[in-house]
Amino acid sequence: HVQLVESGGGSVQAGGSLRLSCSASGLSFSSRCVGWFRQAPGKEREGVASIADTSSTDYAGSVKGRFTISLDNAKSTVFLQMNSLRPDDTAMYYCAAHVERISPYLRLTGREYKYWGQGTQVTVS
């Protein structure tokens, strides 16, 4: 019984910061593929950031330099630090995890991830 639970969303002014957290039960993020995705109304889901093998990261071009994905020391929580937030960052944010390796070319597509959280809303104004 695997569950992923996101937290940390909310409303923030443009230029502000938020840190999202995703806690896992039933699995560890160690040596696994973990990603953050977002979806705004009327738009396709897009990959935001991913981390594989606890160190290899990838970011969407729109967030590179502003967002950082990381793991806690126990590898039980994945974070998404979001700085310099803009209104177009407004979306529902989801974390996802996969127990097996995912090709680097697919880590931000979301199609290969087995486990998904329910999401946390981020609104930037």
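Does region 1-55 hold any residues that are small (Gly, Ala, Ser) and touching a Gly at 6+ places or on another chain (Cβ under 7 Å), and which are they? Those that are small (Gly, Ala, Ser) and touching a Gly at 6+ places or on another chain (Cβ under 7 Å): Ser21, Gly35, Gly47, Ala49, Ser50. As a summary of the residue check, Thr123 satisfies the conditions (1) of a type outside the set (A, V, I, L, M, F, W, C); (2) free of Cβ contacts under 8 Å to residues at least 40 places away in the same chain; (3) in a strand (DSSP E or B) except for the one numbered (2). Of all residues in region 79-103, count the ones that are modelled with pLDDT under 90 and open to solvent by 80 Å² or more (accessible area, probe 1.4 Å). Number satisfying all stated conditions: 2.
List the pairs whose first member sits in region 16-29 and is farther than 22 Å from Val63 by Cα and part of a loop (DSSP other than H, G, I, E, B), whose second member is of a type in the set (Ser, Thr, Tyr) and open to solvent by 40 Å² or more (accessible area, probe 1.4 Å), and whose Cβ atoms are under 9 Å apart, counting only residues at least 6 apart or on separate chains? Partner pairs satisfying both residue conditions: Gly26/Tyr115; Leu27/Tyr115; Ser28/Ser76; Phe29/Thr54; Phe29/Ser76. Every residue in region 103-120 that is in contact (Cβ under 8 Å) with a residue 12 or more places away in the chain and in a loop (DSSP other than H, G, I, E, B), please. Once the filter is applied, which keeps residues that are in contact (Cβ under 8 Å) with a residue 12 or more places away in the chain and in a loop (DSSP other than H, G, I, E, B), region 103-120 yields Pro104, Arg107, Leu108, Thr109, Gly110, Glu112, Tyr113, Lys114, Gly117, Gln118, Gly119.
Consider region 104-125 and keep the residues that are in contact with a Leu (Cβ under 9 Å, 6 or more places away or on another chain) and not charged (D, E, K, R). The one that is most open to solvent (accessible area, probe 1.4 Å) is Gln118.
Let's see how each residue does on (1) open to solvent by less than 60 Å² (accessible area, probe 1.4 Å); (2) farther than 14 Å from Gln118 by Cβ; (3) out of contact with any His (no Cβ under 8 Å at 6 or more places or on another chain); (4) modelled with pLDDT under 95:
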| site | (1), (2), (3), (4) |
| --- | --- |
| Val2 | yes, no, yes, yes |
| Val5 | no, no, yes, no |
| Gly10 | yes, yes, yes, no |
| Arg19 | no, yes, yes, no |
| Leu27 | yes, yes, yes, yes |
| Ser31 | no, yes, yes, yes |
| Ala40 | yes, yes, yes, no |
| Val48 | yes, yes, yes, no |
| Ser56 | yes, yes, yes, yes |
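The values are calculated or read from the model by the stated rules, or taken from the named source; none is laboratory data. All figures in this text were calculated on a predicted structure; none of them were measured in a lab. Don't worry about glycine lacking a Cβ; one is built from the backbone with ideal geometry, like all the others, and counts go over all protein chains shown. These area figures cover heavy atoms from the full protein model, side chains too; ligands, DNA and RNA do not enter into them. Shrake-Rupley method; radii C 1.70, N 1.55, O 1.52, S 1.80 Å.
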